[in-house]
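Reviewing the structure listed below.
The values are calculated or read from the model by the stated rules, or taken from the named source; none is laboratory data. Computed from a predicted structure; not experimentally measured. In this analysis, Cβ positions are derived from the backbone assuming ideal geometry, glycine residues included, and neighbour counts consider all displayed protein chains. Side chains included, ligands, DNA and RNA excluded: accessible areas come from the protein's heavy atoms. Shrake-Rupley method; radii C 1.70, N 1.55, O 1.52, S 1.80 Å.
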Amino acid sequence: MNEAAPLPKGNMGEPVARIDARLKVTGDARYPADLPVRDVAHAVLVTSPIARGRLTQLHTEAARAVPGVLDIIAAGDVDGELERPQFGNSGSTSIAPLHDRRIWHDGQIVALVVAETFEAASEAAALVRADFQAEEPSSGFGSPGIEIIPAAGASPLYPENPEAGDFDAAWATAEISIDETYSTPTQHHNPMELFSTTASWFDGDVTVNESSQNVTGWKNTLARQLKVDPEHVRVVSPYVGGAFGSRGPMTPRTAIIAHAARRLGRPVRCVVTRKQAYTTQTYRAETRHHIRMGAMKDGRIVAFRHEGWELTSRPDNYVVGGTGTTARMYGYGAVETKVSLVKADRNTPSYMRSPPETPYVYALENAMDEMAVALAMDPVEFRRVNDTMTEPIEGKPFSSRSLMECYDQAAEAFGWNRRTRGIGSMRDGDWLVGMGCATAVYPTNVAPCTARVRLTADGRIRVQSGSHEIGTGIRTVAAQMAAERLGAPFWSVEVEMGDSSLPPAPVSGGSTSTASVCSAVMKACDAIRARLFHAAVTANDGPLSGLAPADLGIADGRIVAGARVEAVANAMERMGVGEIEEYAEFAPEGSSADAIANLYKGKLEMRMGEEGAKVKYAFGAEFVEVRIHRLTRETRVSRLVGAFAAGRIMNPRTARSQLMGGMIWGVGCALHEATEMDRHSARYVNTDLQDYLVPVNADIQDVKVILVEEKDTDVNPAGVKGLGELGNVGTPAAVASAVYHATGKRIRDLPIRIEDLL
Ligand code: MOS
């Protein structure tokens with residue numbers, strides 16, 4: 001078997017190829033803007049060239065004179081027709097571009113031009129002239145006019161700063177200490193598929209085709225904004241060309257396009273330019289960190305303090321609060337944390353792959369590496385000394401924690417024992433070779449989910465759940481779960497997802513989907529099994545008559561108990577049914593009584609990894625080899641090895657793909673990605689894929705993913721810990737560690753650039 005499809009171990013599923021692999025590689029998978037829509041009109045956004053101030057006048061005469069222009073919607077034109085967008089609970093921001101004349105950020109939508117063709121709409125949009133009363137904007141950290149507020153309590157997502165023990169007293173006893181600051185930049189998603197919305201009304205019902213990670217949430221959010229009942233709204237998102245949070249919360253454009261279509265009495269499509277996506281979509285906010293870590297000479301950490309600052313917009317308190325994870329990472333002794341929000345004249349940030357962990361664990365793991373150096377300890381051994389089966393904040397046990405198994409397996413595969421300790425001690429001609437490592441961690445979150453499964457007498461299975469194929473392979477693993485529980489071949493399962501008319505599933509975010517969807521599918525399948533088993537044991541003269549249902553199993557289309565078997569089709573015939581359909585509602589342990597009702601209303605009710613009697617996290621260890629040219633300081637990542645333990649692996653092939661993609665993203669985070677801002681105008685500068693750097697094939701050489709066997713029955717019925725966001729967490733710090741090993745330069749601010757190493 002080749003590397004792309006690793007052999008399953010222990011409780012891992014089969015490495016089957018994706019259900020939609022062929023559709024995707026042949027281009028047959030239709031993304032929302034590809035769907036043909038009859039008589040569709042094309043919309044183009046007009047956006048603000050200033051970051052702060054007021055729109056005083058919009059001049060649209062020249063634009064209206066362009067042949068083919070159908071409508072121009074501007075500030076004030078939606079009053080009474082459209083509710084303002086809300087921040088939180090499926091909405092990306094409270095900034096209401098066509099309700100207000102206030103300009104909150106660069107590139108804010110100020111008007112929408114609708115025309116017969118995209119070309120006409122683009123030409124007219126370029127002719128719309130706006131007058132502004134401009135004010136001096138604050139771009140972010142260090143700018144005059146920013147406002148800094150405590151994050152705790154500013155958002156329901158971050159109720160308090162985790163802490164334990166007396167940090168000051170413990171810090172005073174430390175024999176070795178680290179006291180440093182770290183930072184991460186603004187990053188933008190840049191998915192391959194451009195952002196788009198297509199809205200069509202028919203008889204009072206609206207269908208919105210838009211790539212989404214949350215069709216049910218958006219349906220409800222959109223209904224509120226359009227002032228219609230949710231049953232008149234349908235959101236369809238069959239395939240998604242890059243999500244990772246960028247299509248999690250709904251942005252204000254969606255309702256504006258739906259409103260434009262209603263007003264025009266004709267379908268309207270808007271494909272947002274890549275440049276405009278930088279300001280009309282969401283992004284990862286820049287962060288700063290101050291870490292104090294105190295240890296004894298034997299390597300035990302006795303005091304840990306993590307203070308973070310995150311950028312957000314003026315009106316919305318978006319917070320990631322990664323101290324929730326860093327404070328629980330090792331057996332620290334005393335812990336103190338604090339998170340603040342820095343409010344500036346910026347669009348509201350939001351999720352981007354491992355929103356809390358990418359910046360916060362980068363800071364922590366960089367500090368861990370610095371401490372290992374200060375202690376003259378091997379960084380792996382330093383983690384081993386501080387490994388813990390009990391998290392330090394509330395003293396709760398981890399449901400499972402295979403961190404050191406990950407380190408050991410990755411170190412072995414990487415050849416860590418070949419590393420020589422001295423700075424710059426490993427060379428290959430003109431190249432300085434550095435080796436480093438860091439921990440990857442992501443909480444095991446899980447959310448309420450529903451699914452419907454139908455088994456027909458000819459052995460076909462249909463699974464329906466309103467989840468989203470964002471590239472993770474969720475359709476494939478849901479099919480695997482159904483095939484396994486119903487004893488059927490994988491190819492007999494058909495999966496429908498990505499449509500708000502299906503039984504609702506949670507937002508495909510927070511690495512919850514495999515755990516949540518598979519738990520719901522499993523429950524529906526088990527209800528079908530129960531009906532089949534009941535029929536089999538209660539039959540008058542069947543081969544399984546009189547047995548207890550608990551003694552039965554199902555495999556290869558047959559109900560089995562030892563040597564006694566009955567074909568599923570037989571049992572169904574006796575039941576007098578051609579099909580069995582079951583709908584199941586799965587709510588994680590500890591959910592509220594309204595969990596499923598809230599899911600239908602599009603209200604997120606996720607159970608987080610740190611909640612419950614045991615804390616639940618997935619772990620990994622990543623090792624990186626860098627080669628830095630002696631003279632030019634060009635940095636190449638020549639090897640990446642990651643070992644990850646994430647409970648039950650439904651499919652080693654799709655799991656490996658996600659982890660590998662995450663590690664590569666981590667290289668981008670370490671060496672390439674940053675959205676630059678002109679600090680004077682508070683406008684983004686490098687708003688395209690030519691100037692916003694991401695790793696390409698030539699940047700990535702050897703990537704090895706190891707799946708460490710782990711069984712965890714506490715996390716959820718499926719036994720699955722999410723791993724969609726795990727892979728990119730450790731990489732940036734591992735690269736920083738390797739760069740230090742090669743050059744002796746400790747880079748604390750991402751990305752690491754040539755000029756930092758000269
Ligand atoms: Mo993921 S950033 O939670 O969509």
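Short-range pairs are left out: with C-alpha atoms under 8 Å and at least six residues apart, the relative contact order of the range 446-600 is 33 percent. For the residue pair GLN701 and VAL577, what label-to-label distance in nm results when each label sits 7 Å from Cα along the Cα-to-beta-carbon direction? Inter-label distance under the simple model: 5.9 nm. Of the GluC sites (Glu not before Pro) found in the range 568-632, the ones in coil according to DSSP and having at most 13 other Cβ atoms within 10 Å of their Cβ are GLU589.
Solvent-accessible area of ASP526, all protein chains in place: 50 Å² (probe radius 1.4 Å, heavy atoms, ligands and nucleic acids excluded).
About the centre of its Cα atoms, the chain shows a dipole size close to 500 debye [charges on the beta carbon of Lys, Arg (+1) and Asp, Glu (-1) only; nearest 20 debye]. Taking θ as phi - 60° and the Karplus parameters 6.51, -1.76 and 1.60, the scalar couplings of the range 297-307 work out to 5, 7, x, 6, 7, 10, 8, 9, 10, 10, 10 Hz in sequence order, x denoting glycine and proline. Rolling a 1.4 Å probe over the protein heavy atoms leaves TYR740 with an accessible area of roughly 50 Å². Counting 0.36 nm for each residue step from THR538 to GLU135 and taking away their Cα separation leaves a gain of 137.2 nm. Full extension of the chain between VAL25 and ALA548 gives 183.5 nm of extra length, using 0.36 nm per residue less the Cα-Cα distance.
With a ≥ b ≥ c taken as the square roots of the eigenvalues of the C-alpha gyration tensor of the range 356-442, please select rounded if a/c is under 1.5 and otherwise prolate if a/b is larger than b/c or oblate if it is not? Prolate, because a/c is 1.5 or more and a/b exceeds b/c. The trypsin sites (Lys or Arg not before Pro) of the range 1-80 that DSSP puts in a loop, and whose beta carbon has at most 16 other beta carbons within 10 Å, are LYS9, ARG30, ARG38.
Membrane-span-like helices in the chain (whole DSSP H runs, Cα extent of at least 27 Å along the helix axis, mean Kyte-Doolittle hydropathy of at least -0.5): 513-538, 652-671. The portion of the accessible surface of the range 446-600 made up by carbon and sulfur, rounded to a whole percent, is 49 (1.4 Å probe; DNA, RNA and ligands excluded).
The simple Förster model, with R0 at 41 Å and r as the Cβ-Cβ distance, assigns VAL685 and THR56 a FRET efficiency of 0.95. Taking the DSSP bridge list for the chain and keeping only pairs wholly inside it, about 75 percent are antiparallel.
Per-residue Karplus couplings for the range 136-148, computed as 6.51 cos²θ - 1.76 cosθ + 1.60 with θ equal to phi - 60°, are listed in order as 5, x, 9, 7, x, 2, x, 7, x, x, 6, 10, 10 Hz, Gly and Pro entered as x.
Here the extension length gained between ALA593 and ALA374 equals 73.7 nm, from 0.36 nm per residue of separation less the Cα-Cα distance. For the chain, the 222 nm mean residue ellipticity estimated from helices alone, with every DSSP H stretch of n ≥ 4 adding -39500 (n - 2.57) and the total spread over all residues, rounds to -7500 deg cm²/dmol. Entry note, the range 29-140: relative contact order of 45 percent, from Cα contacts under 8 Å with a spacing of 6+ residues. The average projected area of the range 589-706, computed from the convex hull of its Cα atoms over all directions, is 12.8 nm². Residues of the range 413-433 with an amide N closer than 17 Å to a point placed 7 Å from the Cα of ILE176 along the Cα-to-Cβ direction: 421-423.
Annotation: peptides 727-737, 246-256, ranked by per-residue average of other Cβ atoms within 10 Å with the highest first, follow the order 727-737, 246-256. The 3J(HN,Hα) values that the Karplus relation (6.51, -1.76, 1.60; θ = phi - 60°) gives for the range 61-78 are, in residue order, 4, 4, 5, 5, 7, 5, x, x, 6, 9, 6, 10, 10, 9, 3, x, 7, 10 Hz. Gly and Pro appear as x. Among LEU547, LEU532, the sequence by solvent-accessible area, most first, with a 1.4 Å probe is LEU547, LEU532. Taking the average, over residues, of other Cβ atoms within 10 Å as the packing measure, peptides 150-163, 90-103 rank 90-103, 150-163 from highest down. Its alpha carbons considered, the range 446-600 gives a radius of gyration followed by a Dmax of 16.1, 50 Å. Please say if the chain is rounded, prolate or oblate, where rounded means a/c under 1.5 for a ≥ b ≥ c the square roots of the C-alpha gyration tensor eigenvalues, and otherwise the choice is prolate for a/b larger than b/c and oblate otherwise? Taking the square roots of the gyration eigenvalues as a ≥ b ≥ c, the chain is oblate. Distant-in-sequence amide contacts of GLU391, defined by a placed amide H-H separation under 5 Å and a gap of 5 or more residues or a different chain, comprise LYS396, PHE398.
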